[in-house]
């Protein structure tokens, strides 16, 4: 009867009640939406690389090394010598390594030279390994394996040929057009920078640079496939490499060894730690978004209080009747709170439903355009806390009209 | 004895408005209480209902000194033992007739009042199809009849009516009064009926002028 009374009372004022309901629903939607995107961005971000113990490059900042080696953002300040790589890879604690060589591009997408170990050992997400949607890893010198986004955006299929450009501009004039690559495989989407990368063998990178010096093509006949293959294609240097250890216990010791490597100045980072540092740099943005959505919510809850407060002025007679039939002033306070609660809970449920709908409707678009992959959990533990806070906030703000109703009831006489 | 008032004193500002040495209402009695506006009639009703507390003296209803009860107990007491009918606007406008009556029963802790609510409404001449119509869509005459049912649903010992006929035309007024007196009689409920329409007085068992029982003066 109590909630029926509250519902009937709201229904009696459905015009303003519905508007308040919508205001709260929209603001809860914004709050949960921001929270959802933040959560997913964070996990997408943290899922970029996993199962890799160290990333090693020439001496540079930790975040810079992570950005260019894992996120393919910016450029390496320097390369490291092949010999240094071999030395460290030979350490008894090292289980495997993935060398990477960056610097070329194809229509704005980065080209990464590596070995087939990349497909075996690289992990992302919760330890997922790379999977090929079709084809196989590169086996020939001029094979290329495409990230899913590259293949989709540029419309490549298995067996298609493409030429790489020297440098990183999408309209580079220096093209390695003498030696086209053939698409050997296309990877499954990962939601990481892998999707935007073309993978070729280290030797392939080396081969297309034969007859080049200092980034400029030397005049003369282009090298033919046959005479390239006769040459030694071991690179002199690489951009960076990833290390998997036999035992994680050795991580810090090896990191120290690499950082003090006598041959040349090197930097080794723990990708997880550096990812966290990088994410913390974005904390200001994150918190700003949260603050804004919290303020939007506060505004809508104040609107709720204003609506209920206005209603109490119209309800003087109602309060008199309630008092006459034995309602205590507390009952009237509780009734107003119940109305606040009904609107807020209803609006919150509507917002959650709307968010579920919006998420499933925009799932593909978000994955495609922003590489944001939404997992199924709509309500994160964080947002559960938010939901409770919203209800608590509604009850707290509902006290403003609630106490007004209480005081009026106390003063109300019969007649 | 339903009501027993002794040495009751009450004031709002400085001047005392009520000073009643002794006043009683017997079971089933029908009292017509009249007096000029501002004489303190409504104040007396509020005191009897436990909404206001006296400065001194005792008010016993059903043998219980209600001025010694706590606020919540007084509210509960009112719900169980006292029915109230106002001049107008007796009902929660957005609830139906039956729900208005059930709400009153709910405050008295009674359950399953729907049956009794329907009986009372039918006895008061409210057709079945109007039982669930929201109160704001009933005519004033109909609303006043629902108010009688609402006031009597808990079979109170005392029914307080504060000028309940003043919003009605003559015909409706007489019909309303008959229904009120009949129903109160059936429940053996004592009635304190406040009005200044002395033409109604002969239908009551006792007529009292407030000035006769109240020694306070000069506030009006």
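Computed from the coordinates by the stated procedures, all read-outs in this text should not be read as laboratory data. Treat the numbers as computed from the prediction; the structure is a model and nothing was measured. Counting neighbours? That spans all protein chains shown, and the Cβs are built from the backbone with ideal geometry, glycine included.
Once you have the Kirkwood Rh of chain B from its Cα pairs, apply Stokes-Einstein at 37 °C and 0.692 mPa s and quote D in µm²/s. Spell out each step's value before the answer.
On the way: Rh = 17.7 Å.
After rounding, the answer is 186 µm²/s.
Could you identify which residue out of A:258, A:210, A:390 has the top mean-square fluctuation in a GNM of chain A using Cα springs shorter than 10 Å?
A:210
Using only the Cα atoms of the range A:245-355, what semi-axes does the equivalent ellipsoid have when each is the square root of 5 times a gyration tensor eigenvalue? Give whole Å, largest first.
Working: eigenvalues 787, 46, 26 Å².
Ellipsoid half-lengths, sorted descending, are 63, 15, 11 Å.
Suppose R0 equals 35 Å. What FRET efficiency, 1/(1 + (r/R0)^6) with r the Cβ-Cβ distance, do residue A:251 and residue A:302 give to the nearest 0.05?
Details: r = 52 Å, r/R0 = 1.48.
Rounded to the nearest 0.05, the efficiency is 0.10.
Using a 7 Å offset from the Cα along the Cα-to-Cβ direction at both residue A:128 and residue A:391, what is the distance between the two label points in nm, to one decimal?
If labels sit at residue A:128 and residue A:391, their model points lie 3.4 nm apart.
Using only the Cα atoms of the range B:99-186, each taken as one equal point scatterer with no solvent, compute I(q) by the Debye sum, divide by I(0), and report log10 of the ratio at q = 0.19, 0.22 Å⁻¹.
-0.85, -1.15
Average partner chain C-beta neighbours within 10 Å, per residue of A:308-320?
The per-residue average across the peptide is 2.
Two-decimal Rg/Rh of the protein assembly as shown from alpha-carbon positions, Kirkwood Rh?
Values: Rg = 42.4 Å, Rh = 31.6 Å.
With Rh from the inverse mean 1/r over Cα pairs, Rg/Rh is 1.34.
Test of understanding: express the Cα radius of gyration of the range A:54-269 as a ratio to 2.2 N^0.38 Å, with N the residue count.
On the way: Rg = 17.0 Å, N = 216, 2.2 N^0.38 = 17.0 Å.
This ratio for the range A:54-269 stands at 1.00.
Looking at the range A:311-367 from every direction and averaging, what is the projected area of its Cα convex hull in nm²?
On the way: hull surface 21.6 nm².
Average of the hull's projected areas for the range A:311-367 equals 5.4 nm².
Which of these, B:48, B:198, B:181, has the largest mean-square fluctuation under a Gaussian network model of chain B (Cα springs below 10 Å)?
B:198
So what is the 222 nm mean residue ellipticity for the protein assembly as shown from helices alone, if each DSSP H run of at least 4 adds -39500 (n - 2.57) and you divide by all residues, rounding to the nearest 500 deg cm²/dmol? Mind showing how you got there, number by number?
Numbers: 21 runs with 293 residues, N = 635.
Result for the protein assembly as shown: -15000 deg cm²/dmol, rounded to the nearest 500.
Arrange the following residues from fewest to most other Cβ atoms within 10 Å of their Cβ: A:281, A:1. Display every interim value, and only then the final one.
Numbers: A:281 9, A:1 13.
Result, fewest neighbours first: A:281, A:1.
Give me the three principal axis extents of the range B:46-121 from the C-alpha atoms, as integers in angstrom, largest value leading.
Ordered largest first, the range B:46-121 gives principal extents of 41, 26, 18 Å.
Can you pull a Stokes-Einstein diffusion coefficient for the range A:43-171 at 25 °C (0.890 mPa s), Rh from Kirkwood over Cα pairs, as a whole number of µm²/s? Display every interim value, and only then the final one.
Working: Rh = 16.2 Å.
The Stokes-Einstein estimate is 151 µm²/s.
Mind checking B:98-108 for the average number of partner chain beta-carbons within 10 Å of each residue's beta-carbon?
Working: counts 0, 4, 2, 1, 2, 9, 6, 2, 6, 8, 2.
Per residue, the average neighbour count from other chains is 4.
Using a Förster distance of 41 angstrom, determine the FRET efficiency expected from the C-beta separation of residue B:175 and residue A:413, and round it to 0.05. Before the final figure, lay out each step's value.
Values: r = 28 Å, r/R0 = 0.69.
Here the calculated transfer efficiency is 0.90.
If you count, for every residue in A:259-266, the Cβ atoms of partner chains within 10 Å of its Cβ, what is the mean? The partial results should precede the final answer.
Numbers: counts 0, 0, 0, 0, 0, 0, 0, 0.
Average per residue, whole number: 0.
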